[in-house]
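Notes follow once the structure below has been shown.
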Amino acid sequence: MREYLLTLCITAAVTYLLTGPVRKFAIVAGAMPEIRARDVHREPTPRLGGIAMFFGLCAGLLVADHLTNLNEVFAKSNEPRALLSGAALIWLIGVLDDKFEIDALIKLGGQMIAAGVMVMQGLTILWLPVPGVGSVALTQWQGTLLTVALVVITINAVNFVDGLDGLASGMVCIAAGAFFLYAYRIWYSYGIEAAAPATLFSAILMGMCLGFLPHNMHPARIFMGDSGSMLIGLVLAAGAISITGQIDPDALKLFAGSEKAAVHQTVPVYIPLLLPLTIIAVPAADLISAIVRRTWRGQSPFAADRGHLHHRLLEIGHSHSRAVWIMYFWSALIAFGSLAYSVNSASMWIVLGVVFLSAIGLVLLLLPRFTPRAPMWAQAFVPPRYRRRRGPVVAEPVEVEQRTPVAVGVAGVNGATALGARSRVPERRKAESSR
């Protein structure tokens with residue numbers, strides 16, 4: 001555990017220290033897009049934050065390779081090299097897209113090639129645990145197609161949710177934390193060495209997100225861009241593929257009997273991690289709802305709009321920071337609730353706890369619908385919005401900035417889709433900024 005924590009800290013430190021110079025480089029390189037109609041920020045903000053995150057990934061792998069216990073992961077498995085190869089390719093595509101706006105089909109092809117590179121080096125799904133059937137071995141083509149599909153879906157699910165400051169990096173960090181606890185339990189408690197690569201990937205991913213978050217929290221000083229969102233999506237998918245599709249369920253020996261019975265008993269363990277979409281359920285739900293919504297309107301599935309979950313939270317009346325924390329809450333509830341259920345599926349307290357926290361989450365979602373006023377004695381201890389107003393309140397006129405509507409097929413820089421082309425908004429007045 002000490003070596004994993006050291007790797008996490010080194011990754012976070014490198015990412016944090018490099019993000020400042022990367023921000024200056026992005027400004028000099030002109031990687032500061034115009035503000036579009038669907039954006040929620042008010043000042044042009046540089047992107048290319050994925051550069052710092054990638055070098056954090058490289059630093060984490062380099063440190064782990066020189067540690068006594070984690071060095072065995074590199075000696076016994078080729079998965080870390082496979083991850084680095086795929087990450088380097090997807091990161092390079094993201095950097096070029098952040099700067100030169102690569103075509104949508106080229107980005108999709110790059111995502112598939114990056115997944116294919118990992119498959120060629122051994123990071124692939126070999127079998128799947130199916131309830132009532134047992135471990136179903138996959139052919140080479142079946143494993144390749146399923147692996148590529150999971151990588152592409154996860155990359156774009158993460159990119160879809162990257163619409164508010166600190167949202168994508170925080171949610172992925174929460175998902176990586178759940179992955180780490182599960183993978184470490186499988187590796188340490190059951191002595192299954194095949195879970196070690198996924199444990200390492202999760203620790204490094206947490207470090208990448210934690211190191212970038214201080215620069216990306218509202219108000220963000222830099223965006224991760226497609227170079228960052230596609231990168232962390234690929235690393236998240238790699239960890240899920242490694243631990244789900246390569247560990248034999250019967251090796252856990254949770255049930256003394258046939259393989260079918262063993263898999264049936266371990267369903268609560270494997271279902272939460274069978275697809276990465278169950279851990280990043282909130283981004284996946286946003287992805288599916290966006291595709292259905294746009295297709296129903298006769299638009300391209302990758303057309304930008306303001307119908308994402310975080311946009312709806314802002315429209316309800318939540319502040320920027322509160323909307324982000326609500327999304328964090330639901331992500332943590334789903335991820336760690338699934339993790340707790342996988343540890344002890346027979347405990348009724350876990351189910352009741354999840355139900356209770358879900359009720360709290362619903363109350364938080366509807367909080368702007370009512371504005372309770374605090375009593376007079378508590379006026380000094382509550383935010384201004386909950387204080388009783390004295391006398392008539394005169395509203396000051398607010399200048400509303402006219403924005404150009406977003407065309408169909410346009411995707412965003414900070415949270416649209418990794419498959420869409422960016423908006424080419426006509427030249428207009430730039431927002432005033434001191435940066």
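The values are calculated or read from the model by the stated rules, or taken from the named source; none is laboratory data. These numbers were taken from a predicted model, which means no experiment stands behind them. Just the protein is used for accessible areas: all its heavy atoms, side chains included, with ligands, DNA and RNA removed. Shrake-Rupley method; radii C 1.70, N 1.55, O 1.52, S 1.80 Å.
Here is how the numbers come out for the structure above:
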| item | result |
| --- | --- |
| Stretchable slack from Phe100 to Ala359, in nm (0.36 nm times residue separation minus alpha-carbon distance) | 88.7 nm |
| Estimated vicinal HN-Hα couplings, Hz - the stretch 145-154 in sequence order (Karplus 6.51, -1.76, 1.60; Gly, Pro = x) | 5, 5, 5, 4, 4, 5, 5, 5, 5, 5 |
| Gyration tensor (alpha-carbon) shape descriptor, the stretch 1-122, a/c threshold 1.5 | oblate |
| Built amide H within the under 5 Å cut-off of Asn78, gap 5+ | none |
| Full-extension gain in nm, Tyr190 to Asn71, via 0.36 nm per residue minus C-alpha separation | 40.9 nm |
| Solvent exposure of the stretch 44-190 as accessible area per residue, Å², 1.4 Å probe | 37 Å² |
| Interchain or long-range residues, amide H under 5 Å from Trp127's placed H | Leu138 |
| Sulfur and carbon atoms: percent of accessible area, the stretch 136-184 [1.4 Å] | 75 percent |
| Amide H partners (placed H, <5 Å) of Ser135, local residues excluded | Val130 |
